[in-house]
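Written out below as structure tokens is the structure these notes cover.
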Amino acid sequence: MDANNHIEPERRQTNALAIRPEPLATLVTAVADIYETDDSFTIKLDMPGVPKESVSVTAEPGRLAAKGEAVAQHLEGGTLLFSEIGRKSYVREFNLGEGVDHNNIQAQLEDGVLVITVPKSDAMKAREIIIR
């Protein structure tokens, strides 16, 4: 540590590439787009490399949470010398208002994008008023 409280990284000398065989674990806030239609809200979350089996979506009054974990696929038959891809744990939470139908929330994962459909409750849906 120097006078400015900077820590010098450890430097290793190798005769080939840099060596860091231990994969890194990273917590990532999944980026989102949110759309609204007359009947529902749709949330699209980017979760590249996440298999369907590792995704979890939970809904409780006032809260929706999505999680997924991507593990790097390494070359078979080779020796891992350096890894920055590692494991990524994607997380994201949203506040849910009273105008949503918690019992009919649906989710699907396709090509690294998690799509969550949150239906509106009947009380929140737009309706046409008949003029008399």
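If you go through region 50-83 and keep only what is outside any strand (DSSP E or B), over 14 Å from the mean Cα position of the chain (by Cα) and of a type in the set (A, V, I, L, M), you end up with 72, 75, 80, 81.
Between residues in region 18-40 that are over 16 Å from residue 67 (Cα atoms) and among the aromatic types (Phe, Trp, Tyr) and residues that are modelled with pLDDT of 80 or more and surrounded by 11 or more Cβ atoms within 10 Å (Cβ to Cβ), which pairs lie under 9 Å by C-beta distance while being six or more apart or on different chains? If the second residue must be modelled with pLDDT of 80 or more and surrounded by 11 or more Cβ atoms within 10 Å (Cβ to Cβ), the pairs left are 35/41; 35/42; 35/43; 35/44. When region 97-109 is limited to residues that are under 24 Å from residue 50 (Cβ atoms) and surrounded by 17 or more Cβ atoms within 10 Å (Cβ to Cβ), the one that is farthest from the chain's Cα centre (by Cα) turns out to be 105.
With respect to the conditions (1) surrounded by fewer than 16 Cβ atoms within 10 Å (Cβ to Cβ); (2) of a type in the set (A, V, I, L, M, F, W, C); (3) modelled with pLDDT under 95, residue 65 lacks only one, and its number is (3).
The rows are residues; the columns are (1) in contact with a Pro (Cβ under 9 Å, 6 or more places away or on another chain); (2) part of a strand (DSSP E or B); (3) of a type in the set (S, T, N, Q).
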site: 48; (1), (2), (3): no, no, no
site: 85; (1), (2), (3): yes, no, no
site: 117; (1), (2), (3): no, yes, yes
site: 129; (1), (2), (3): no, no, no
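Within region 57-80, residues that are closer than 30 Å to residue 103 by Cβ and polar (S, T, N, Q) have Cβ atoms under 9 Å from residues that are modelled with pLDDT of 85 or more and surrounded by 10 or more Cβ atoms within 10 Å (Cβ to Cβ) in these pairs: 58/64; 58/65; 58/66; 58/67, counting only partners at least 6 apart in sequence or on another chain. The set of residues in region 88-112 being within 16 Å of residue 35 (Cβ to Cβ) and either touching a Leu at 6+ places or on another chain (Cβ under 9 Å) or basic (Lys, Arg) (or both) consists of 92, 94, 96, 100, 105, 107, 108.
Results for (1) touching a Gly at 6+ places or on another chain (Cβ under 6 Å); (2) surrounded by 10 or more Cβ atoms within 10 Å (Cβ to Cβ); (3) of a type in the set (Ser, Thr, Tyr), shown as yes or no for each residue.
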site	(1), (2), (3)
71	no, yes, no
76	no, no, no
87	no, yes, no
111	no, no, no
121	yes, yes, yes
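The values are calculated or read from the model by the stated rules, or taken from the named source; none is laboratory data. Nothing here was measured: the structure is a model prediction, and the numbers come from that model. FYI the Cβ positions are ideal-geometry reconstructions off the backbone, even for glycines, and counts take in every protein chain you see.
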